[in-house]
Amino acid sequence: MNHFQFQNGTLHCEETPVSEIARTVGTPFYLYSRATLERHFKAFDQSFGDIDHLTCFAVKACSNIAVLNLFAKLGGGADIVSGGELFRALKAGIPASKIIYSGVGKTEAELRAGLTAGILMFNVESAQELERLQRVAADMNVTAPVAFRVNPDVDPKTHAYISTGLAKNKFGIPIQEAGELYQQAAAMEHITVKGISCHIGSQLTLISPFIESLVKVKAFVGQLNDQGISIDHIDLGGGVGITYDGEQPPHPQEYARAIKDELGDLKATLIFEPGRVIVGNAGILITEVQYTKSNRGGENEKKFVVVDAAMNDLTRPSLYDAYHRIEPVMDQGAAHERVDIVGPICETGDFLARDRELPRVEQGDLLAVMSAGAYGFTMSSNYNSRPRVAEVLVDGTSHTVIRERETLESLINGEHIPEYK
Ligand SMILES: *Cc1c(COP(=O)(O)O)cnc(C)c1O
């Protein structure tokens, strides 16, 4: 359930007409619904009931500090993958004690920043990272709380670019080899072994891969316990999918029930790192039609709708061939036609949708690209020297620009022409 609905043929976000926001903010822009963000966070978090757990929102899915702040107020933590995300999470009011640091390539400066902040734990992904963390912690005279991210070699049955839990992926430590690292870590003076983590991929539409990896993690935690290494935090990653088109992902409640059933009497604090399932359907991208045109080649006529948003603003269609539903903001019941919806960027790969049935639109019409809240703005770039778009948050009948549209000046911020001799 989300709060983007048509009322009298015009798209509303909560009680605010989208066209009204477009008039004041200009296009393109990302639009988020506060009620939907909160609803989705609570639906996930509360599905685990009174089980000891912490929901750490995956910041990379949608990292605006206004969005993170909503989750902070609901008691959420953060799953971060860079020093930049640590900075954002802290600025947004997420306590360091609820921050988990994931990622294969943490630099020394990033480890230091995490230790300085006093985060809950580092999900370590290699022997070398463990050594570096021990050295940095020793230098700072602190102890670093550690979980190892294990790679359970489970096929999440999702897009190859967002599969992370197979042996051939770069992520984690093979579960067979992790035992030795736990032994080493337990003997290190500036490391405290705290937990275990795994994250097998994103946009999963089946529960079985989650359970398959939990079975492996559980067996492994049993072995560690036998060796006197106690694990009190089990981080099961993110990855629950959403409906973009016809997918039928598990509801968080089903996911939670399956996890609870499989856990049995295992005693630990559970950590979850959901991203997409919380924000994906809580955000949309609004764009304006610039031109329509047809290219005729022999028998075939191809129609194009050229809009002012492009692959630099929303990369998912180009990168993953991802599907996003597209709706005219004003639905006037026009006849449908088959079109490609493309941006102004000089790449054939610059499209938001291809061969899509859409009510006939004209120059100046607004289109809503649905389900764009996750990996939308955060993956955007300045390619073709396009200022990044504004982000807007609706709360009932009011809206706030939570990130201003970038200016032309900001495009060359930090650039310098050398003084030639
Ligand atoms: C990306 C990521 C997540 C979030 O994945 P979603 O599919 O958006 O829920 C969680 N944990 C880690 C380690 C990630 O890299």
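Every read-out reported here was derived from the displayed coordinates using simple, explicitly stated rules and does not represent laboratory data. Computed from a predicted structure; not experimentally measured. Cβ atoms come from the backbone with ideal geometry, glycine included; neighbour counts cover every protein chain shown.
Worth pointing out:
- The lysines within cross-link reach of K302, meaning a Cα-to-Cα straight distance under 24 Å and a gap of 8 or more places when in the same chain, are K293.
- Full extension of the chain between Y291 and E409 yields a length gain of 39.8 nm, computed as 0.36 nm times the residue separation minus the alpha carbon distance.
- Rg/Rh for region 156-296, where both radii come from Cα atoms and Rh is the Kirkwood radius: 1.12
- Long-range HN-HN contacts of I271 with modeled amide H, under 5 Å: L54, I234, D235, L236
- The slack between R325 and D245, meaning 0.36 nm per residue of separation minus the straight C-alpha distance, is 28.1 nm.
- At most 15 other Cβ within 10 Å, DSSP loop - GluC sites (Glu not before Pro), region 1-87: E15
- Which listed pairs, of K98/K267; K42/K170; K42/K73; K42/K218; K42/K260; K91/K194, have C-alpha distances above 23 Å, in listed order: K42/K170; K42/K218; K91/K194
- 222 nm mean residue ellipticity, helices alone, for the chain (DSSP H n ≥ 4; -39,500 (n - 2.57); rounded to 500): -8500 deg cm²/dmol
- Relative contact order of the chain, defined on C-alpha pairs under 8 angstrom at six or more residues apart (%): 19
- Hypothetical label at I402: residues of region 8-29 whose amide nitrogen lies under 20 Å (7 Å Cα-Cβ projection): 12-29
- Trypsin sites (Lys or Arg not before Pro) restricted to DSSP loop in region 149-234 with at most 15 other C-beta within 10 Å: K157, K168, K170
- Between helix 127-140 and the chain: long-axis angle, C-alpha atoms, 0 to 90°, nearest 10: 80
- Distance in nm between pseudo-label sites at C346 and R257 (7 Å out along the Cβ direction from Cα): 5.6
- Global size of the chain as Cα Rg and Dmax, reported in angstrom: 23.1, 74
- Distance between modelled label sites at R338 and N384, nm, 7 Å Cα→Cβ extension: 2.5
- Sparsely packed loop sites in region 226-307 (the GluC sites (Glu not before Pro) outside DSSP H, G, I, E and B with at most 15 other Cβ atoms within 10 Å) comprise E247, E299.
- Taking 0.36 nm per residue of separation and subtracting the Cα-Cα distance, full extension of the segment from F87 to E180 would add 30.2 nm.
- Sites M1 and T143, calculated FRET efficiency, Cβ-Cβ separation with R0 35 Å, nearest 0.05: 0.20
- For region 34-278, a Kirkwood hydrodynamic radius built from all Cα pairs, placed in the Stokes-Einstein relation at 10 °C and 1.306 mPa s, yields a translational diffusion coefficient of 89 µm²/s.
- Partners for K168 among lysines (Cα-Cα distance below 16 Å; same-chain residues under 8 apart left out): K157
- Nitroxide proxy distance, nm - points 7 Å out along Cα→Cβ at E108 and I229: 2.6
- Comparing mean-square fluctuations of S230, S33, S102 from a GNM of the chain with C-alpha springs under 10 Å, the top value falls on S230.
- Based on C-alpha pairs under 8 angstrom that are at least 6 apart in sequence, region 34-278 has a relative contact order of 21 percent.
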